[in-house]
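The values are calculated or read from the model by the stated rules, or taken from the named source; none is laboratory data. Bear in mind the structure is a predicted one, so any value in this text is a computation, not a measurement. Please note: Cβ atoms are built from the backbone with ideal geometry, for glycine as well, and neighbour counts cover all protein chains shown. All accessible areas refer to the heavy atoms of the entire protein, side chains included, with ligands and DNA or RNA removed. Shrake-Rupley method; radii C 1.70, N 1.55, O 1.52, S 1.80 Å.
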Amino acid sequence: ADNPPMLRRAAQSVAGTLGRGVQQAWATAAQDASLPSTSGTQSLWHALEELGSPSATFVRTKYSYAFKRAADTPGLVFWKPTTPGQRHKITIDYKALGVYTGPPVPGLSFRVQGTGGRNHLGRITVRGRGGGEKKVIRTLDFARRGAASQPCVVERIEADPNRTGFVALARYDSGPGKAPTYRYHLAPHGVRVGDVLAGGPKAPITPGSVLALRDIPLGQPIHNIELRPGKGGVMVRAAGTSASIQYKEAAHAVVRLPSTEVRRIPLDCAATIGTVSNQLNKFINRGKAGTNRARGRRPKVRGIAMNPIDHPHGGRTNGGRPSCTPWGVYCKGQRTRLRNKASNALIITRKGGQPIEKFVAAKKWRAKAERERKAKSGGSVTATPKGPPAALLAPSLPVFPLGLSLGSSQKAVAA
């Protein structure tokens with residue numbers, strides 16, 4: 001806007017008089033901003049466009065509307081700071097997105113008992129777990145083969161608290177006179193209630209269709225990718241993620257994953273077209289620790305706040321040591337993948353762009369780089385000799401055949 005103070009005054013006037021009606025608010029804003037007053041059904045959004053600020057928008061809060069200078073992100077709820085825990089709280093506006101938040105279908109869900117981070121012996125194996133609401137797990141069909149490969153109709157889009165993406169309740173018609181069956185599937189972005197999801201080699205290339213990798217064109221966003229044919233999708237299932245096929249070989253498709261890893265996947269493995277739903281998940285801000293407690297996450301004490309007997313970082317004089325666990329295991333930068341893992345043959349490039357050959361032979365690469373560095377600096381890089389240097393050895397003595405006696409002259413030479 002050419003005149004930010006004018007826009008601010010107009011926005012404050014609109015927000016303050018919104019409760020008395022849209023017509024009265026618009027008339028007041030137009031009068032403050034020196035704009036010609038309009039009548040009828042002209043919206044406040046058109047008024048802000050005339051003010052010349054496309055980034056200024058009305059964002060729906062929990063109880064009312066508030067004017068915020070922010071990006072245009074419909075579908076988010078920016079809570080009013082009535083309490084300290086709501087000052088920075090941002091949640092998904094499920095009602096505006098048409099997402100169902102009620103209980104799941106009883107036949108497609110089951111309850112799980114919390115473990116509190118303990119194993120079968122009652123010992124804590126995962127710290128920071130315990131408490132929270134009771135969990136109800138929805139049973140999702142990630143394979144969509146057999147009867148599930150038939151076309152289905154999306155009944156509703158649901159919010160699953162146990163995953164970041166939305167799930168779709170699909171209805172499969174069993175034929176005339178038979179009751180339909182229902183299944184849960186991972187909902188792609190853009191799928192709405194009433195859409196038809198298809199599968200098979202003749203399925204259209206639209207979001208929600210399931211095809212084998214050999215039938216999917218290059219560069220098409222895909223998710224819910226199988227690693228073994230018929231075992232169900234295991235990769236790329238988080239909210240807003242997608243992968244793409246770079247090129248195809250005789251028996252494998254080379255796929256680029258969201259982590260930037262490039263790997264081979266058999267062409268008979270299936271994948272779902274599109275991107276996983278709920279792309280606004282990355283904007284969520286829970287606002288307070290109590291929300292994490294409801295999710296079953298307990299507080300964690302920093303090692304630097306402990307005593308030396310309790311943690312390697314404990315005490316005041318604790319500098320110079322990398323981050324580690326209470327048992328001294330390094331927790332930043334430590335490699336957790338085996339260098340001789342069988343799936344290395346299918347990986348081309350690891351996350352971050354490292355070739356898999358360099359990862360497998362990392363120790364040899366470092367040793368080679370160290371030898372080259374010493375050679376350039378003039379250091380000794382020769383191998384250790386098998387014996388003492390030749391200069392330290394005595395002159396070689398003549399060798400005589402066995403059984404030959406030495407004469408007087410020969411004894412003198414030998415002496």
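Values for this structure:
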item: Sequence ranges 90-103, 271-284, 202-215, ranked by mean other-Cβ count within 10 angstrom, highest first; result: 271-284, 202-215, 90-103
item: Förster radius 25 Å - calculated FRET efficiency between S244 and N344, Cβ distance, rounded to 0.05; result: 0.65
item: Estimated inter-spin distance, K135 and V329, nm [label 7 Å along Cα→Cβ]; result: 2.0 nm
item: Environment charge of R366, counting only residues whose C-beta is closer than 12 Å and scoring Lys/Arg +1, Asp/Glu -1; result: +4
item: Net charge over other residues, Cβ less than 14 angstrom from the Cβ of G232 (K, R count +1; D, E count -1); result: +3
item: Calculated FRET value between N162 and A367, using beta carbons and R₀ = 45 Å, to 0.05; result: 0.45
item: List W79, W327, W365, ordered by accessible area with a 1.4 Å probe, largest first; result: W327, W365, W79
item: Nitroxide proxy distance, nm - points 7 Å out along Cα→Cβ at L227 and I304; result: 3.7 nm
item: Whole-percent carbon and sulfur share, accessible surface of the stretch 217-265, 1.4 Å; result: 50 percent
item: Solvent-accessible area, 1.4 Å probe, carbon plus sulfur percent, for the stretch 70-208; result: 56 percent
item: Solvent-accessible area per residue for the stretch 80-192 (1.4 angstrom probe, square angstrom); result: 61 Å²
item: Computed FRET value (nearest 0.05) for S259 with Q86, which takes r as the C-beta separation and R₀ as 45 Å; result: 0.85
item: Chain lengthening between I124 and S149 when straightened (0.36 nm per residue, less Cα-Cα); result: 4.8 nm
item: The stretch 219-368, accessible area per residue, ligands and nucleic acids excluded (1.4 Å, Å²); result: 62 Å²
item: Gain on full stretching of the segment that runs from S174 to T336 - 0.36 nm per residue minus C-alpha separation; result: 53.6 nm
item: The stretch 140-181 residues near the modelled F110 label - backbone nitrogen below 14 Å, point 7 Å along Cα→Cβ; result: 140-141
